[in-house]
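J.: This is the structure I want to talk about, given as structure tokens.
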Amino acid sequence: MKLPKIDVSGLKSFIPEQEIHALLEQTTEDKSQIREIIAKSLSKQRLEPKEMALLLNVHTPELRAEIKAGAKELKKLIYGNRIVLFAPLYVGNLCINDCSYCGFRRSNASQVRKTLSLQELEQEVRILENHGHKRLIMVYGEHPLYTPEFIAETVKKVYATKEGKGEIRRVNINAAPLDVEGFRTVKAAGIGTYQIFQETYHEPTYKSVHPSGLKANYLWRLYAFDRAFEAGIDDVGMGALIGLYDYRYEALSMLYHTIHLEEKFGVGPHTISFPRIEPAIGTDYANHPPYAPSDEDFMHMIACIRLSIPYTGMILTAREPVALRNEAISYGVSQIDAGSDIGVGAYALHNAADSAAKSQFVLSDNRSLDKVIGELCEAGFLPSFCTGCYRLGRTGEHFMEFAIPGFVKRFCTPNAILTLSEYVQDYASEDTKQKALQAIKRELEQMPESNPLKEKLLQKLVSVQKGERDLFF
């Protein structure tokens with residue numbers, strides 16, 4: 001058990017607190033100016049902080065509706081109707097930090113501590129595979145037990161676990177920031193995205209809610225992606241916990257973080273997350289978030305993030321209720337989880353009380369994967385388990401080359417159709433099967449005959465029907 005060597009000497013924050021506050025004091029309800037900013041975004045250009053601030057500060061319903069409409073159009077331009085699905089898998093909830101808002105914090109006597117053995121991990125994975133999942137995000141508390149070697153071992157175990165026709169094709173990680181050597185170790189295990197949330201970019205608030213533990217060091221966490229890139233990981237996911245501070249400040253800070261990565265490494269984040277604080281067992285702070293935005297403001301923020309960073313995937317988890325998730329998908333969200341349980345070992349136990357005692361927070365959307373897929377198809381979306389970009393090296397700078405001009409849509413729509421067809425053949429209920437087949441038919445009809453991939457896609461669909469799996473472009 002060893003902790004990473006923390007060295008932040010010579011580092012300074014690239015989040016300009018005073019500048020952000022000054023930008024947030026600037027407002028305009030000038031329709032022409034707001035429309036110019038939206039038009040720039042629709043040309044797939046990343047916005048500047050001043051432009052994002054002006055969007056965030058719009059309050060009139062009419063202009064907010066135009067911002068949402070622009071976000072909806074932009075998402076369709078880049079991602080089509082595709083919605084990527086994944087499941088969270090919590091490996092352990094031991095933690096040495098004492099974050100005020102978190103059910104995992106070390107002083108929380110109500111939390112039942114648990115770390116999965118490799119055998120228990122395998123059991124969880126087999127259950128998820130039997131449901132049809134192909135993509136996971138594995139979550140770890142911040143504790144000396146969860147070393148880079150431990151994380152790498154658990155990732156390899158997941159990839160090696162097969163159940164029937166099921167397999168996990170992409171494992172993303174949400175874990176504590178590592179040093180460069182630690183990042184190299186987990187990269188070698190074949191991880192997808194390495195996800196780290198700053199929680200709040202407002203440094204005074206950060207210090208107040210992270211009183212002790214490794215997480216108390218603001219700069220160590222802020223520069224985590226720099227170390228990841230240095231280690232060769234070019235696929236990272238950033239996020240802020242909405243409710244700790246002004247949501248507008250957090251959104252602008254994620255843009256500044258994006259700009260920092262672009263300028264230093266030529267690559268922005270693969271995904272951005274914006275989870276809101278949810279109730280957690282034994283955690284009074286989470287019941288009364290000091291800066292909880294209204295649903296309307298939250299939706300507005302989502303649309304503004306989509307317009308500000310056009311090429312980046314956006315994740316909205318089952319923390320949020322069904323109706324809100326269904327609406328937010330239209331404004332820019334490209335990835336959601338489904339059939340989720342966040343208790344450590346919860347998929348195997350099927351015990352709500354036990355799961356709650358080992359969970360970081362409370363979920364609001366408890367729909368099964370099958371139900372979510374059926375409802376997405378019915379609403380005109382295309383559920384996807386695609387992992388083609390990651391496995392063909394279309395990540396990092398290469399992903400930018402494809403995503404910014406919109407080529408991802410060209411590859412990802414056919415790959416989404418193929419993975420949905422697999423789900424139809426192997427796991428879907430009869431009701432969901434019919435809805436999914438209609439969605440596949442709709443997407444094929446919308447695909448122009450001039451598309452060079454269409455004929456090959458039709459051939460691959462026949463192969464899937466004959467039992468072949470894991471076909472992609």
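J.: If you restrict to DSSP beta bridges whose two residues both lie in the chain, what percentage is antiparallel, to the nearest 5? Intermediate results must be reported in sequence, preceding the final value.
T.: Details: 4 of 33 bridges.
Within the chain, antiparallel bridges account for around 10 percent of the total.
J.: What does the highest-first list of 346-358, 169-181 look like by mean Cβ count within 10 Å? Mind showing how you got there, number by number?
T.: On the way: 346-358: 16.6, 169-181: 20.8.
Top of the packing list down: 169-181, 346-358.
J.: Order of 85-96, 460-471 by packing, highest average Cβ count within 10 Å first? Could you put the intermediate results ahead of the total?
T.: Values: 85-96: 24.0, 460-471: 14.0.
The peptides rank, most packed first, as 85-96, 460-471.
J.: Given the DSSP H assignment, sum -39500 (n - 2.57) over each helix run of at least 4 residues in the chain and divide by its residue total; what's the result at 222 nm in deg cm²/dmol, nearest 500? Intermediate values should be presented prior to the final figure.
T.: Details: 22 runs with 227 residues, N = 473.
Counting only the DSSP helices, I get -14000 deg cm²/dmol.
J.: Note down the relative contact order for region 282-355 as a percent, whole number, built from C-alpha pairs under 8 angstrom at least six residues apart.
T.: Details: 46 pairs, mean separation 19.1, N = 74.
Once divided by the residue count of region 282-355, the mean separation gives 26 percent.
J.: Which ³J(HN,Hα) values, rounded to whole Hz and listed in residue order, are derived for region 75-85 from phi using the Karplus coefficients 6.51, -1.76 and 1.60 in 6.51 cos²θ - 1.76 cosθ + 1.60 with θ = phi - 60°, glycine and proline given as x?
T.: Each residue's phi maps through the Karplus curve to give 4, 5, 4, 8, 10, x, 8, 5, 10, 7, 10 Hz.
J.: How far apart, in nanometres, would the label points at ARG126 and LYS371 be if each is projected 7 angstrom from Cα along the Cα-to-Cβ direction?
T.: Roughly 2.7 nm, to one decimal.
J.: Calculate one ³J(HN,Hα) per residue across region 235-248 by plugging θ = phi - 60° into the Karplus curve 6.51 cos²θ - 1.76 cosθ + 1.60, and present them in order as whole Hz with x for glycine and proline.
T.: 10, 10, x, 9, x, 10, 8, 6, x, 6, 8, 3, 4, 5
J.: So if I take the centroid of the Cα atoms in region 215-266 and the same for region 354-372, what is the distance between those two points in Å?
T.: 27 Å
J.: Counting alpha carbon pairs within less than 8 Å and at least 6 residues apart, what relative contact order, in whole percent, applies to region 79-220?
T.: Values: 212 pairs, mean separation 37.9, N = 142.
Contact order relative to length: 27 percent.
J.: Equivalent-ellipsoid semi-axes (√(5λ), Cα gyration tensor) for region 1-158, whole Å, largest first? Mind showing how you got there, number by number?
T.: Working: eigenvalues 341, 122, 47 Å².
In descending order, the three semi-axes are 41, 25, 15 Å.
J.: Using only C-alpha positions, report the orientation-averaged shadow area of the convex hull of the chain, nm², one decimal. Walk me through the numbers before you get to the answer.
T.: On the way: hull surface 83.1 nm².
In nm², the orientation-averaged hull projection of the chain is 20.8.
J.: At what distance in nm do the modelled label points of SER100 and ASP431 sit from each other, each positioned 7 Å from its Cα along Cα→Cβ?
T.: 4.4 nm
J.: Taking the Cα centre of region 88-171 as the origin and placing charges on Cβ (Lys, Arg +1; Asp, Glu -1), which of ASN108, VAL139, GLN119 is farthest toward the positive end of the dipole?
T.: Result: VAL139, furthest along the dipole toward the positive end.
J.: So if I take the centroid of the Cα atoms in region 420-439 and the same for region 141-184, what is the distance between those two points in Å?
T.: Each part's Cα centre sits 30 Å from the other's.
J.: Ok, one more. Once you list every other residue whose beta carbon is under 9 Å from the beta carbon of GLU278, what net charge do they have if Lys and Arg are +1 and Asp and Glu are -1?
T.: Summing Lys/Arg as +1 and Asp/Glu as -1 gives +1.
J.: Output wanted: per-residue J couplings in Hz (rounded whole) for region 125-138, from phi through Karplus 6.51 cos²θ - 1.76 cosθ + 1.60, θ = phi - 60°, x for Gly and Pro.
T.: Once rounded to whole Hz, the list reads 5, 4, 5, 5, 5, 5, 7, x, 5, 10, 10, 10, 10, 8.
J.: Still on this structure, please answer the following. Would you work out the relative contact order for the chain, in percent, from Cα pairs under 8 angstrom that are 6 or more residues apart?
T.: In percent, rounded to a whole number, it is 20.
J.: How much accessible surface does ILE302 have with a 1.4 Å probe, in Å² rounded to 10?
T.: Its accessible surface works out to 0 Å², give or take rounding.
J.: Give the carbon-plus-sulfur fraction of the accessible surface of the chain in %, rounded to a whole number; probe 1.4 Å, heavy atoms of protein chains only.
T.: Its accessible area is 51 percent carbon and sulfur atoms.
J.: Under a plain spin-label model, where a point goes 7 Å from the Cα along Cα-to-Cβ, how far apart in nm are ALA292 and ALA348?
T.: Computed distance between label sites ALA292 and ALA348 equals 3.5 nm.
J.: Now, a different point. How many angstrom lie between the C-alpha centres of region 33-112 and region 316-341?
T.: 11 Å
J.: So, one more: Place the peptides 308-321, 115-128, 27-40 in order of packing, highest mean first, counting for every residue the other Cβ atoms within 10 Å and averaging per peptide. Kindly include the intermediate steps, with their values, before the conclusion.
T.: On the way: 308-321: 22.4, 115-128: 18.3, 27-40: 14.6.
My ranking of the peptides, most packed first, is 308-321, 115-128, 27-40.
The values are calculated or read from the model by the stated rules, or taken from the named source; none is laboratory data. Being a predicted model, the structure only gives us computed values, none of them experimental. Don't worry about glycine lacking a Cβ; one is built from the backbone with ideal geometry, like all the others, and counts go over all protein chains shown. SASA here: full protein model, heavy atoms, side chains in, ligands and nucleic acids out. Shrake-Rupley method; radii C 1.70, N 1.55, O 1.52, S 1.80 Å.
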